[in-house]
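One structure is given here, and the rest of the page talks about it.
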Amino acid sequence: MPQSTVATDICARLSEAIVGALGRAGIEGVQPVLDRPARPEHGDWATNVALVAAGRSGRKPRELADALAGDLRATLADHVAAVEVAGPGFVNFRLGPGWWAELLRQVVAQGTQGFARLDVLAGTRVDVEFVSANPTGPLHAGAGRWAAYGDSLCRVLERCGATVEREYFVNDRGGQVVRFGESLAARRRGDPVPEDGYQGDYVSAWAAEMPADADPVAWGCERAKRDIAETLDLLGVHFDRWSSEKALVDDGTVDDTLRELRERGAVYESEGALWLRSTDHGDSKDRVLVKSDGDLTYLLPDVAYHRDKFARGFDLLVDVWGADHHGYVARMQAAMQALGHDPAQLEVVLGQLVTLERDGQPVRLSKRTGDMLELRELLGAVGPDVARIVFLLQSIETHQTVDLDRITRQSSESPAFYVQYAHARIASLEREAARQQVARQPIGTCDLGVLVHEREAAVLRSLSELPDVVQAAAASRAPHQVCTWVRQLAQRFHAFYHDCPVLRHPDPAVVQARLWLVEATRVGLAIGLDLLGIHTPDLM
RNA sequence: GCCUCCGUAGCUCAACUGGACAGAGCGGGUGGCUUCUACCCACCAGGUUGCGGGUUCGACUCCUGCCGGGGGCACCA
């Protein structure tokens, strides 16, 4: 149930009127779809009902649209300035200035905390697991994409009312960490690392810190975990929970899981191994849980881990995985189904991998060979804001190419600066207003009807869209949509700032109205940047 | 071979889940500060949305066949 806002109010009013008009035109059962046209000349809202209903009623779209428009013009006279028919048969609505004033008052009244805060996910507990890189070394630069995405997704979900837990699964058990421990031990002795070990320079550095009596695997995992947490901290990403794979084995959770799978008849033995009947639940083949040598595969602890997450009472589990784990999705969902869970409650977001380039050459990201760029280095070069916006610029489901030279050498050209500059300009404007002793009068006493410039209208239009953008970004797990929106708002503000004097305007009424518009823009930028996890500087 | 994601301006990418003339940034060109921050604004150039069919009033979006690329098809993690 969306919270009532100026935007949802007008939407509801328009829908109601359209249904009424359709009824009077003898058309039933058409659900009106309301859209915000891309072009201002197409009005503030538009509906395609005439196009959809024309076929059904045997009338020409334009003709039906004209009839509907006439009806709507009469019914909506109080709220809408104009109803026009355009193109193949769209009905476009132009809102009156009173509506825009109402919106502006609402943004200002609700402020950074309240505006575009929704309750669509109220009462929903969501667990988001992301990054979860192996504790065998520092995070590489590409991991920044998962960190930025996951954290921003959580922020967007929270803005929609969800209770969110950020979780990191530490694979501190199994072949990789054993090899990592062996590499540490070898380096500490001064020996070369084993053939299949970790070659990176960090291994030598860490080995030098390692106490002689330490267990290399346990110590190494802790050391890596600490490094990872520190790096994520630099990016402003904080996890509520670090779950340990080893702990799940040690405390019997894995055994319990296996027992339950057995009881449910979901496993069988063959060739000395224990198999999960994942084909019963849509997987392409059955999967090994316990190898013939008695070792656990990676799958079993991970199944236990997801079972544990469900047991902690979440309504939805979101896993953010790299596309290289695609083949893993079906078996995990099959396992959850075998345990009696609704597979829809486990949602796997597959993110496409990042290619980092330097001098046009791809930068390799291998911990094993030690040939990699650390996330820490990237953050040292460009800072967290630039890093985050770079990773959030694009949809998680498209391949991303990041040119390191460009974002480091020319970080002042980053979109982060563009949007932050808009915020800094607003802060500067407010400082200048204070210096000139121009105070904002209570908004209720201001005549906001003077905001008629097209630059002003564009800013207001952006602001009116934010609640919808937040909801859509949450629903489609796409925080980059917030990024796109923030850039648009910043762009429209810069254009407004350029063309519309605020403090310099001779008419005090215009000065007041514009000051409020500027304040509303500040609110919008602050909300958007907060959802992206980017700072809002007052000075640049 | 099978599964999956992708292919949009010179480059990096958007495009409100099927809508109107496909939009931004960077790069290129031209102009704009005696001014509330020029890290900004405006204009120009740049496109057969990989290619061919199909569905639809309407397709970057859906279906299908090719072409090209990433990733995956373990008793690794």
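The values are calculated or read from the model by the stated rules, or taken from the named source; none is laboratory data. Please read all numbers here as calculations on a predicted model, not as lab measurements. Cβ placement follows ideal geometry from the backbone for every residue including glycine, while neighbour counts extend to all protein chains displayed. Accessible surface is based on the protein model in full, side chains and every heavy atom, while ligands, DNA and RNA are left aside. Shrake-Rupley method; radii C 1.70, N 1.55, O 1.52, S 1.80 Å.
Numbers at a glance
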read-out	value
When residues of the range A:381-403 are limited to those that are more than 12 Å from RNA strand B (Cβ to nearest atom) and in contact (Cβ under 8 Å) with a residue 60 or more places away in the chain, the one most open to solvent (accessible area, probe 1.4 Å)	A:384
Residue in the range A:35-44 that is crowded, with 17+ Cβ neighbours inside 10 Å, near RNA strand B (Cβ under 9 Å from one of its atoms) and closer than 27 Å to residue A:454 by Cα present	yes
In the range A:230-248, the residues that are open to solvent by 40 Å² or more (accessible area, probe 1.4 Å), closer than 29 Å to residue A:387 by Cβ and out of contact with any Pro (no Cβ under 8 Å at 6 or more places or on another chain)	A:230, A:233, A:238, A:240, A:241, A:242
Filtered residue count, the range A:522-536, keeping only those that are among the polar types (S, T, N, Q) and within 15 Å of residue A:237 (Cβ to Cβ)	0
Which listed residue, of A:287, A:307, is crowded, with 17+ Cβ neighbours inside 10 Å, under 25 Å from residue A:326 (Cα atoms), in contact with a strand residue (DSSP E or B) (Cβ under 6 Å, 6 or more places away or on another chain) and in contact (Cβ under 8 Å) with a residue 40 or more places away in the chain	A:287
Residues being at positive phi and either away from RNA strand B (no atom under 16 Å from the Cβ) or open to solvent by 10 Å² or more (accessible area, probe 1.4 Å) (or both) - total across the range A:117-152	3
Among (1) surrounded by 21 or more Cβ atoms within 10 Å (Cβ to Cβ); (2) in contact (Cβ under 8 Å) with a residue 60 or more places away in the chain, the one test that residue A:452 misses	(1)
Filter result for the condition that a residue is more than 7 Å from RNA strand B (Cβ to nearest atom), within 22 Å of the chain's Cα centre (by Cα) and free of Cβ contacts under 8 Å to residues at least 24 places away in the same chain, over A:329, A:320, A:348	A:329
Among (1) open to solvent by less than 40 Å² (accessible area, probe 1.4 Å); (2) within 30 Å of residue A:533 (Cα to Cα), the one test that residue A:214 misses	(2)
Hits in the range A:11-59 - residues which are under 16 Å from residue A:88 (Cα atoms), part of a loop (DSSP other than H, G, I, E, B) and in contact with a Phe, Trp or Tyr (Cβ under 9 Å, 6 or more places away or on another chain)	A:37, A:43, A:48
Options A:186, A:208: the member that is more than 30 Å from the chain's Cα centre (by Cα), surrounded by fewer than 19 Cβ atoms within 10 Å (Cβ to Cβ) and farther than 27 Å from residue A:147 by Cβ	A:208
Conditions (1) within 12 Å of RNA strand B (Cβ to nearest atom); (2) more than 27 Å from residue A:9 (Cα to Cα); (3) open to solvent by less than 30 Å² (accessible area, probe 1.4 Å); number of the one not met by residue A:462	(2)
Criterion violated by residue A:390 - all others in (1) hydrophobic (A, V, I, L, M, F, W, C); (2) outside any strand (DSSP E or B); (3) within 18 Å of residue A:131 (Cβ to Cβ); (4) in contact with a Lys or Arg (Cβ under 8 Å, 6 or more places away or on another chain) satisfied	(4)
Selection from the range A:153-174 of residues that are closer than 11 Å to residue A:130 by Cβ and either open to solvent by 30 Å² or more (accessible area, probe 1.4 Å) or not in a helix (DSSP H, G or I) (or both)	A:166, A:167, A:168, A:169
Among (1) assigned by TED's automatic domain parsing to the domain that holds residue A:49; (2) open to solvent by 20 Å² or more (accessible area, probe 1.4 Å), the one test that residue A:110 misses	(1)
Identity of the residue in the range A:509-527, closer than 30 Å to residue A:147 by Cβ and more than 14 Å from RNA strand B (Cβ to nearest atom), that ends up nearest to the chain's Cα centre (by Cα)	A:527
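Here's the yes/no breakdown for (1) open to solvent by 60 Å² or more (accessible area, probe 1.4 Å); (2) closer than 19 Å to residue A:27 by Cα; (3) outside the structural domain of residue A:13 (by TED's automatic domain parsing):
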| residue | (1), (2), (3) |
| --- | --- |
| A:48 | no, yes, no |
| A:54 | no, yes, no |
| A:57 | no, yes, no |
| A:62 | yes, yes, no |
| A:65 | no, yes, no |
| A:70 | no, yes, no |
| A:86 | no, no, no |
| A:91 | no, yes, no |
